[in-house]
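Since every read-out is calculated from the coordinates, none of them should be taken as a lab result. Keep in mind that what you see is a predicted model, and the values were worked out from it rather than measured. Don't worry about glycine lacking a Cβ; one is built from the backbone with ideal geometry, like all the others, and counts go over all protein chains shown.
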């Protein structure tokens, strides 16, 4: 697959942590095409979360290159990475990562509010998203009122 066809391209990516240089990833290479589904599997501690954090621009590799739609994530500023995550990357975390003081509806609306979207657009998008995931009936619930499943 050439770079023009890649949605995500990871080339020789490594990640080390801490003073003891603990290796989390070593020379990872991966290309993901638009519309392609992949699964990252492995035992606890093998670097799955580290790899996902690097792909999503949450963390930076110690070495190597990662591109998203041809854009170099390593060269992006924190502000550019925030925009990329907000507009192009979705995460489903193992834990809620919702703001406890906001309802489900308010949590879903928050990224659009931070983008200064129009209220009518926010309401329509929130309604659509909650319908798609079957959460309309729980839109007024707070995270503490939701099941972990």
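Only DSSP H runs of four or more residues enter the estimate; each adds -39500 (n - 2.57), and after division by the residues of the chain the mean residue ellipticity at 222 nm equals -9000 deg cm²/dmol. Taken over the range 104-145, the alpha-carbon convex hull comes to 61 cubic angstrom per residue. In plain terms, the residue of 59, 72 with the fewest other Cβ atoms within 10 Å comes first and the most crowded comes last, giving 72, 59.
What number does the chain give for Rg over Rh if you use C-alpha atoms and the Kirkwood radius? Working shown, then result.
Details: Rg = 17.8 Å, Rh = 17.6 Å.
Here the Rg-to-Rh quotient is 1.01.
Which log10 I(q)/I(0) values, to two decimals, does the range 57-128 give at q = 0.24 Å⁻¹ under the Debye formula with one point per Cα? Relative scattering, expressed as log10 I(q)/I(0), comes to -1.14.
How would you order 133-139, 35-41, 61-67 from highest to lowest mean count of nearby Cβ atoms within 10 Å? Before the final figure, lay out each step's value.
Working: 133-139: 12.7, 35-41: 7.7, 61-67: 17.7.
Going by the mean number of other Cβ atoms within 10 Å, highest first, we get 61-67, 133-139, 35-41.
The angle between the Cα long axis of helix 119-132 and the main principal axis of the chain comes to about 80°, on a 0 to 90 degree scale. On a 0 to 90 degree scale, rounded to 10, what angle separates helix 78-88 from the longest Cα axis of the chain? Value to nearest ten degrees: 60. Take each peptide in 48-55, 119-126, count the other Cβ atoms within 10 Å of every residue, and average; sorted highest first, the result is 48-55, 119-126.
Compactness of the range 1-64 was expressed as the Cα radius of gyration divided by 2.2 N^0.38 Å, which yields 1.16.
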